[in-house]
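Peer 1: Sending over a structure as structure tokens; questions will come in a sec.
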Amino acid sequence: MGKETVHSDWWMAPAIFSILLWGIALPSLVLESLIEFAPLQWIVSIAIILALPSGFLSLFAYRFDAEDIQEADSDWRPLWPLYIVGHFVAGPIVAPIYVLRRGARVGNDWGRLWGKLRLGSVRKRVKRVA
């Protein structure tokens with residue numbers, strides 16, 4: 001089937017986990033070790049703290065996303081038990097592999113992920129004002 005047939009948001013948990021670790025924590029950690037800038041330590045700490053819930057949620061997301069992919073009658077059948085075991089062993093490596101493979105096989109709506117992240121920040125601002 002086509003990439004547009006799978007409508008699931010479960011893939012976002014491993015994607016957020018990967019972005020926090022590889023896109024924020026690791027570069028900040030490397031930069032901090034080079035220039036010893038104290039605020040970068042806070043960025044690393046915050047990114048890792050935020051990555052913990054998304055990493056935990058990823059353990060469930062692999063299965064639920066695989067079920068949604070199967071229900072959509074896609075040709076790709078991710079072996080979610082292997083991703084869960086792999087996530088326990090090497091989560092920072094397995095999560096981006098899953099997200100990239102999923103994107104290649106059934107597609108990832110990155111705009112939707114960005115929209116959800118932006119909408120969350122807008123909702124927080126609205127609650128503060130009200």
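Readers should treat all values here as calculations from the given coordinates under stated rules, not as data from a laboratory. Bear in mind the structure is a predicted one, so any value in this text is a computation, not a measurement. In this analysis, Cβ positions are derived from the backbone assuming ideal geometry, glycine residues included, and neighbour counts consider all displayed protein chains.
Peer 1: Among 81-93, 9-21, how do they line up by average Cβ neighbours within 10 Å per residue, starting with the highest?
Peer 2: Ranking, from highest mean packing down: 9-21, 81-93.
Peer 1: Let me ask something else. Could you tell me which helices of the chain pass both thresholds, a Cα extent of 18 Å or more along their own axis and a mean Kyte-Doolittle hydropathy of at least -1.0, with helices taken as whole DSSP H runs?
Peer 2: For the chain, where a helix must reach 18 Å along its axis and average at least -1.0, the hits are 38-71, 80-105, 110-129.
Peer 1: For the range 1-68, which GluC sites (Glu not before Pro) are both in a DSSP coil and crowded by at most 14 other Cβ atoms within 10 Å?
Peer 2: Answer in residue order: Glu36.
Peer 1: Here are labelled values, [x] 57, 39, 17; [y] 50, 43, 21; [z] 59, 25, 22, and one is the computed Cα extents along the principal axes in Å for what I pasted. Which one?
Peer 2: Matching the structure shown: [y].
Peer 1: On to the next question. Per the helix-only calculation at 222 nm, which mean residue ellipticity applies to the chain, given -39500 (n - 2.57) for every DSSP H run of n ≥ 4 and division by its residues, nearest 500 deg cm²/dmol?
Peer 2: When only DSSP H runs of four or more count, the value is -25500 deg cm²/dmol.
Peer 1: State, as an integer percentage, the relative contact order of the chain based on alpha-carbon contacts under 8 Å between residues 6 or more apart.
Peer 2: Relative contact order comes out at 34 percent.
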